Amino acid sequence: MTAEKKISAGQLMLLLLLARVMHTMMFRADGFESGLPMMLGLLCSTAVEAVAALPAVIYFEKGGADIPRELFGKNSAAFSLLYTVYFTVIAGGTVALFAEFMQQEFSKTVSPTAATVLLLIAAAYCASLGIEGLGRAGTAVFWLFAIMSVLMVTVSEGSFDWLNLRPLAQGDGETFSRYFVESLSSSWWLPMFCVLGANLKSGAKKAVGGYLVLKLVIIETLLLLVTLVLWRYIDVLGYPILALGAYAKSDFIQRFDAINMFVWAINCALAVGVYIFICTKPFSRKKLSCAIPAALAGVFALFEYKRGLRFDEPWLLGFKLGGIILLGILAPLCACIKMKVKEYISKGAEE
Amino acid sequence: MILMIEKSGGLLPRLEADISRIKSAFGNSADLNIVRLEVSGVRCAVLTLEGMVKSSSLAKMLFEPLMGFEKKNAKPADVLRFLLDESVFSTEQTPISLLSEAEEKLCSGFAVVLVHGCTSGLAISAQGFDKRAVSEPDSEPNVKGTREALSDSLRTSMALIRRRIKSPRLRFELLKAGKISNTELCLVYIDGKAPKRLIARAKKRLEKIKSELILTSGNIIPYLAENGGSFFSGVSTTERPDVLCAKINEGRIGVLIDGVPFAAVCPALFIENFQAVDDYADKPYYATYQRWIRFFAFFISSLLPGLYVASAVYHPEVLSRSLLLNLLASEERTPYPLVAEMFIVIVMFEILREAGIRLPRSIGGAVSIVGGLVIGDAAVTSGLISAPLLIIIGITATSAFVVPSLTPQMSMLRIFNVILGGLTGFFGIALLAAAMLVNACATDSFAVPYTAPLTPFTRRAFGDILTKFSAVRENVGETVEDLNGAEIKKEAEN
């Protein structure tokens, strides 16, 4: 099986995208407010992300291979472990969200504990097969989403209500800023990119640019659709995953909820698989090292679920944002500077 | 001196000593024939293995000229010179000087001639063992393609390929494998099309074969395939010479095995399981339609029973109301839970399928009738299983026959999907699908992604994958190394 080989820019872009969309679709908001401030919040956070991604993009475009190794040389293991800890928490949080979703919407199907365990077994197995397999599978899952979306749109009985698109009002500032912060704190694609960039064949710029554009288009479109077609109805439905197929109905398939869950469960296994793969990067024994972060993520997921912690708790938001800043922005920035200094020194020595 | 020759395994100048050494090497095997004769007063012996040579040919090509040789006061060296330099007995004749060479040639169907007083002999090709005539490809039938299948005899299979590719660029390379069986393997490829790295790698792997006997293609495939943990196989098999020719023309290599009417082909792609020879004989629109039917059949065969169980037990909202009511009415009469019912019927189907394959064809048909019609009808009538479930299994079973090369994978996926669907609904099926998808995507066959050209996507190859609108393009000489993600070329460059 493939293990440590390379992935293309397109494959990395889709992996980042699937992980991001997964989080958006699993996030159960307390109440759906006006769509426009949220769309604006997403637009602004994307602009910030674009700037924040520059150090990592420059580092990989200049031929950088491994950020922790660049920064700490042979003693990079400790710093690499930070990525492991960070993505173990992210994996656990994602699994906990999915387990909660299963409990809320498909309680008869599987218990949250069983959902957590099964999901992590599948994800750990996927991670053990290597990044190349995950990258190629990501493309297939993306097309699966596209087909499912087209199918649901084709049989949808919903219609646009443009009155739902309420213009921006004075009170929308709070919604905007909340969504802006939430969106930024969901930008763990930056540390993801810092790790997976080492597996990239070429085209760091293409991967990041493509990701940002596609993410913006897809999530903005989803927000617009939800606003125009469902709006407050989403409070009843709960999850954006289900909201998408709320009006889809056909003689053959009565409701699309379970089918939506089917596709998102595949995506969840894939996204968590990528997180676990990232966790295993500092270790050499891949098969064994996949099981350890998976088990830790499972413990965290169950703890989070049982204690009723939400993924947008202030301390978790802080943890996520802190990780993004340290591992996704500062680390590549320092690596870039170190790389430049090294170049300067070697040039000086040659002269 | 003689002791030294004996120690080094060379032939001795004493005929009876050599004969007894060969006899002892074969353990006095009953099929070792030894004919002692005198040629112009010099004692000789012709050794053969029973059934490996054609007696009538041997009499004509060897015994007649030998008996015709007359020379006054002939010495052993004269007879040997006559054998080695002055006569042509067969198109393939090799001088031998070692005992091991004599043994090897005997096992390959040669006649070995030993001359008293000489430390060398002659091996003459006179193979004439019984073999099956070239028959129809039973496991890969078609409507408009050739009716010839590869043969058990390696040489016949080679000729079948050579007849289809009349080019000096077609290469056959003979290798030996099997510690005891010493089976001949033949690497087939087209020079300039198959990457050199691929050929070298395949040879290296074949040389590593540790099996004692090579009796089926399954004995060599694990050595050729590099993905030990893969659910799918990066090496395919075919019994059709036309398919093998088409594959090697795409830069792949084939491995023929003496005694096996199947060739192993590598690298193999997932998508090839859905291609058939008739696609290239039919109109493109019809070939495209048939390909999509095959894709559809694969998913039906793997997923339908699991999805049915999961929908009926956990996700009834997916089904339309009238269908759901029908199902409920049917299932109410049955004594077992739906999962158990489905599991039992699938196991029954597998038993019937296995019986149909293992039994003689005449009885196999009867088993299908008894199993499919009589037991099925009785089970529904008696209320043991529901009619919709039987319909589902009927559709699944029929679909399974559409893509025979993926039968093992489809059978296992079917049963796992039923178990997971019955225990955890669509969720479990989705997790299995994710694991299988990543497994297939992670499979590489000789540095070519198994899932290419779908993912990694190759636009140029797409015309011949999901559609068949590229009747001209298929002849432009593109090979597997042109697929995106294929690293063979890059490796060769490095």
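In table form, for the structure just shown:
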quantity	calculated
Farthest positive-ward along chain B dipole, Cα basis, beta-carbon charges - from B:Ala287, B:Gly117, B:Val188	B:Gly117
Helix-only [θ]222 nm of the protein assembly as shown, DSSP H runs n ≥ 4, -39500 (n - 2.57) each, per residue, nearest 500	-17500 deg cm²/dmol
Cross-link table A:Lys108/A:Lys306; A:Lys205/A:Lys347; B:Lys166/B:Lys247; A:Lys62/A:Lys347, entries beyond 20 Å C-alpha to C-alpha	A:Lys205/A:Lys347
When the convex hull of its Cα atoms is projected in every direction, mean area for the range B:1-156 (nm²)	11.5 nm²
Dipole magnitude of the protein assembly as shown, debye to nearest 20 (Cβ charges: Lys/Arg +1, Asp/Glu -1, about Cα centre)	1620 debye
For A:252-259, mean number of other protein chain Cβ atoms within 10 Å	6
Other protein chain Cβ atoms within 10 Å, averaged over every residue that makes up B:305-314	2
Cα gyration tensor, the range B:74-125 - rounded (a/c under 1.5), prolate or oblate	oblate
Prolate/oblate/rounded call for the protein assembly as shown, Cα gyration tensor, a/c under 1.5 rounded	prolate
Relative contact order for chain B, counting Cα pairs under 8 Å that sit 6 or more residues apart, in percent	13 percent
Descending principal axes extents, chain B, alpha-carbon based, whole Å	104, 55, 42
Binned Cα-Cα distance frequencies in the range B:154-278 - 5 Å width, integer %	2, 11, 23, 25, 22, 13, 4, 1, 0
Distant-in-sequence amide H partners of B:Val39 (H built 1.01 Å from N, under 5 Å)	B:Cys44
Candidates A:Pro167, A:Pro37, A:Pro112: whichever shows maximal mean-square fluctuation once chain A is modelled as a Gaussian network with Cα springs under 10 Å	A:Pro167
Electrostatic dipole magnitude of chain B [Cβ: Lys, Arg +1; Asp, Glu -1; Cα centre; debye, to 20]	900 debye
Order of A:Phe79, B:Phe349 under a 10 Å beta carbon neighbour criterion, fewest first	A:Phe79, B:Phe349
FRET efficiency, 1/(1 + (r/R0)^6) with R0 22 Å, evaluated for B:Phe296 and B:Ser139 via beta carbons	0.50
Rounded Å value of the spacing that divides the Cα centres of the range A:68-126 and the range A:170-247	20 Å
Cα-based shape type of the range A:110-161, given that a ≥ b ≥ c are square roots of the gyration tensor eigenvalues and the cut on a/c is 1.5	oblate
Two-decimal Rg to Rh for the range A:9-350 - Kirkwood Rh, Cα set	0.98
J(HN,Hα) series, the range B:88-93, from Karplus relation 6.51 cos²θ - 1.76 cosθ + 1.60, nearest Hz, glycine and proline x	10, 8, 8, 5, 10, 9
Check: the range A:98-187 dipole with +1 on Lys, Arg Cβ and -1 on Asp, Glu Cβ, in debye	220 debye
For the range A:317-351 versus the range B:288-360, the gap between their alpha-carbon centres in whole angstrom	57 Å
Per-residue ³J(HN,Hα) for the range B:132-149, Karplus 6.51 cos²θ - 1.76 cosθ + 1.60, θ = phi - 60°, Hz, x for Gly and Pro	6, 5, 4, 10, 7, x, 5, 7, 9, x, 8, 9, 10, x, 5, 9, 9, 10
For B:Met436, B:Met410, B:Met67, order by how many other beta-carbon atoms lie within 10 Å, fewest first	B:Met67, B:Met436, B:Met410
Inter-label distance, nm, simple model (7 Å from Cα along the C-beta direction), B:Glu70/B:Asn33	2.7 nm
Sequence-distant lysines (8 or more away, or on other chains) whose Cα lies within less than 22 Å of B:Lys131	B:Lys54, B:Lys60, B:Lys105, B:Lys176
Projected-area average for the range B:281-442 over all orientations - Cα convex hull basis, square nanometres	11.7 nm²
Cα convex hull of the range B:90-223 - mean projected area over all directions, nm²	10.7 nm²
Exposure proxy order (Cβ contacts within 10 Å, fewest to most) of A:Met339, A:Met102	A:Met339, A:Met102
Amide H contacts of B:Ile96 (H built 1.01 Å from N, under 5 Å, at least 5 apart or other chain)	B:Gly121, B:Leu122, B:Ala123
Nonlocal amide H pairs with A:Leu200, under 5 Å, H built at 1.01 Å	A:Ile7
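None of the figures in this text is laboratory data; all of them are computed from the coordinates on show. Quick caveat: nothing in here was measured; it's all calculated off a predicted structure. Neighbour counts are summed over all protein chains in view; Cβ atoms, including those assigned to glycine, are modelled from backbone coordinates with ideal geometry.
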